[in-house]
Amino acid sequence: MESVLSVFGLSVPSLMAIVVSLSIIVVTLVIVIVVYGGIFPLIVRIGKFAPSSFGRMVIQGLKVPLVLYLGLLGVYLSITLPFHIGATEAALVNKAATLIAIAIGVMAVSVITSRGCLWYIVNIAPKTPTILDDRLMPLMRRVAVIVILGVGILQILDQLGINISPLLAGLGLGGLAVALALQPTLSNLFSGTYVMTEGVVSQGDYIEMEDGTSGYVIDVSWRSTRLRTRENNLIVVPNSRFAESIITNFQSPTLAVNIVVTCGVSYDSDLDHVESISREVMSEVLASDMNSVAEYGSWFGFDNFGESNVDFWLFMQARNRIASFELKSNVIKSLYKRFSEEGIVINYPMRTLQFPEEFFNRDSVVRSDLNQEV
């Protein structure tokens with residue numbers, strides 16, 4: 001037997017070592033199959049984890065890294081236990097095993113982090129009152145995975161004996177240069193975070209900025225806020241400008257919108273009668289117009305003495321901004337109709353010129369002198 005083995009360069013001890021090594025590998029494969037195909041499904045079944053539960057997502061994320069760790073352990077034992085290797089070979093095997101273990105650990109942490117963020121996006125974010133987490137979590141998910149991979153790569157480089165201090169310094173300087181180059185983009189990014197966290201603007205709101213830009217909010221992204229105008233055009237506002245602008249939200253704090261109708265009647269009018277007619281008109285509109293908020297009521301008041309009329313106002317509330325236009329139009333039409341029926345005059349703007357009597361006397365004297373000269 002030894003002569004046969006010697007042809008292949010093997011001896012009895014080395015053959016036994018190979019057999020032991022192969023046996024360890026076979027046992028490892030059996031354990032991996034049992035763990036992957038039996039134990040993990042059994043844990044899920046015993047724990048009664050729902051398909052969308054966080055526990056099931058963690059178990060699914062740990063399945064592959066744990067199996068890889070078991071496989072790495074089996075290969076390591078199959079090399080170090082049966083064979084008598086020297087110190088150099090042992091150090092090389094230990095170094096390789098350490099690097100692979102770090103890589104598997106980084107993969108496990110990144111997978112768990114990614115799955116945890118995904119679970120939050122799917123199950124928690126839709127139930128929160130704000131859209132901040134809907135926007136923030138996908139970005140945090142990507143950033144977290146990149147950071148974990150970066151730390152893992154640095155650990156691997158450190159294990160390989162590469163000095164990472166200059167690399168860290170270079171990354172710091174590079175990050176500063178990138179931050180300066182991307183200053184406008186980063187400004188919009190942080191402004192977008194501010195806009196989302198404030199929660200004063202939501203999708204579908206009609207807003208107006210202090211420069212007159214107005215429209216319905218279509219989307220609030222990290223870089224910009226998109227508005228749809230009345231003319232059905234798209235306006236893209238950088239978040240840095242949006243966050244610094246004074247904004248009027250016509251749909252907050254409630255959808256109801258107050259309307260004010262201003263008018264004026266002739267100085268010859270009976271103001272008590274004008275007030276009575278105006279209140280009747282508002283009561284009729286509140287009872288018949290579905291655009292109004294009847295429980296809010298109505299108010300009337302004289303405002304000031306204008307140049308041509310005694311000015312007054314009528315105050316009511318509409319269900320929303322769109323309804324306010326129609327409600328205001330109906331109030332104006334009804335009020336004008338009643339004033340016409342009652343003979344109440346709304347004057348056009350006019351001016352009355354008054355001249356002193358001396359002016360007319362002087363004019364007659366001048367004309368008399370001219371006639372005598374002629």
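Before moving on, here are some points about what is shown:
- Each of T98, T254, T113 has some number of other Cβ atoms within 10 Å of its Cβ, and from fewest to most they run T254, T98, T113.
- Annotation: lysines with alpha-carbon distance below 26 angstrom to K127 (same-chain offsets under eight excluded): K48.
- Trypsin sites (Lys or Arg not before Pro) lying in DSSP loop within the stretch 193-290, provided at most 12 other Cβ fall within 10 Å: R230
- For the stretch 254-325, GluC sites (Glu not before Pro) are listed when DSSP marks them as loop and at most 11 other Cβ atoms sit within 10 Å of their Cβ; the list is E307.
Readers should treat all values here as calculations from the given coordinates under stated rules, not as data from a laboratory. This one's a predicted model, so the numbers in the text were calculated from it and none came from an experiment. Backbone-built Cβ (ideal geometry, glycine too); neighbour counts: all protein chains shown.
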